[in-house]
1. If you scan region 290-327, which residues turn out to be closer than 21 Å to ALA168 by Cα, touching a strand residue (DSSP E or B) at 6+ places or on another chain (Cβ under 8 Å) and among the charged types (D, E, K, R)?
2. Can THR283 be described as closer than 19 Å to ASP69 by Cβ and among the polar types (S, T, N, Q)?
3. Provide a single number: the residues in region 75-87 that are crowded, with 18+ Cβ neighbours inside 10 Å, touching a helix residue (DSSP H, G or I) at 6+ places or on another chain (Cβ under 7 Å) and of a type outside the set (Ser, Thr, Tyr).
4. Residues in region 122-151 that are at pLDDT below 95 and hydroxyl-bearing (Ser, Thr, Tyr): how many?
5. Looking at region 223-233, can you tell me whether even one residue there is away from the ligand (no atom under 16 Å from the Cβ) and either farther than 25 Å from ASP200 by Cβ or more than 19 Å from the chain's Cα centre (by Cα) (or both)?
6. crowded, with 23+ Cβ neighbours inside 10 Å, farther than 28 Å from GLY96 by Cα and more than 16 Å from the chain's Cα centre (by Cα), is that true of ILE219?
7. Tally the residues that are among the hydrophobic types (A, V, I, L, M, F, W, C) and within 15 Å of the ligand (Cβ to nearest atom), restricting the search to region 79-103.
8. With region 104-221 as the region, which helices (runs of 4 or more DSSP H) entirely inside it contain at least 3 residues that are more than 15 Å from the ligand (Cβ to nearest atom)?
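The values are calculated or read from the model by the stated rules, or taken from the named source; none is laboratory data. Everything quoted here is computed from the prediction, not taken from an experiment. Cβ placement follows ideal geometry from the backbone for every residue including glycine, while neighbour counts extend to all protein chains displayed.
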Amino acid sequence: MLARRLLALLLVATSACVASAGCAVDADEEDDDDDVQMGDGVATEDELVAERQLNGSELPNKTISLTFDDGPGRRTAELADYLAEHGVKGAFFINGSKVAGRQAAIDKIVGRGHLLANHTHNHKQLTSLSGASVVKEIADTDAIIAQAQPQGPWVVRAPFGAWNASVARAINASPMKKYVGSVFWDQGGALTSTAAADWDCWGKGVSVQRCGELYLNEIRTKRRGVVLMHDIHDKTVDMVKQILPTLIAEGYKFAPLEEVPSVKRAIAGSSTPANDDQCQSATLGRPVNENVCVQSRSTRRWSRCVDGEWIASTGPSDPKCVQRFPL
Ligand SMILES: [Zn+2]
């Protein structure tokens, strides 16, 4: 048994992120995405870890949370100002390797009341790295975040949404266990005829106007959630300026990421002591004991806590459940 291995960092189900998580790697060249597509999801594991994914599905109707990855870019400070002037607090998941020469953007993010969050140092796929390399990827960017935002909260999003139990264990066995995550997204993950992903729009020559319309369509359809965009792209900043006034006029509210229910519970739970046999529950927002069964708020599937790990359970008909928490 591993002590507190999943206390702070939660596992994100990967079924929804196959070939959907695009991220730019070039800080200076607009529209020069390295649109790596990944799919590390394993169906059985996806079901088991579903209890632990952080997303915005519990936000109130017409409430979204804006998140920006892969920066800081050359227009990040401008974006931070623009959002603040419209009363919106966003979350900026930065890559530490992009910060050199852009400390002013970091200061602007924090100074304007936005959340500075960890998207690793070099935007590598964590599931392909050694445990020591995983920790270094988080820790190197944490050094920047801790300087600018010393009180936290500490929130991480894995590049490409690539996350598994090994990654979580490596981080939780280090001082980086203070982080909660990985934070996934509800909108902005895939470019289709009715939905958008900004990096993919720019890579495929979709106009700012059209991409913005697709974001609006997806938001109006789903009506709530964590929205994924990438502030490393100039066109994304233009697009935000296009769609934000429309959303405000239509009555949408903008929740800071740390106020998104699943994230808020994870932050609150990350400081709660747990013993080796306990499992952290994203649904309950606290650790539970051995053989406690919980129904996932996001998937409605049941899981049972065994030796500090969630395993699939039939819930009501599982005789090994000593306590059950249905929705
Ligand atoms: Zn990214």
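1. GLU290, ARG304, GLU309
2. no
3. Of the residues in that region, 4 qualify.
4. Of the residues in that region, 2 qualify.
5. no
6. yes
7. So the count comes out to 5.
8. 131-148, 165-172
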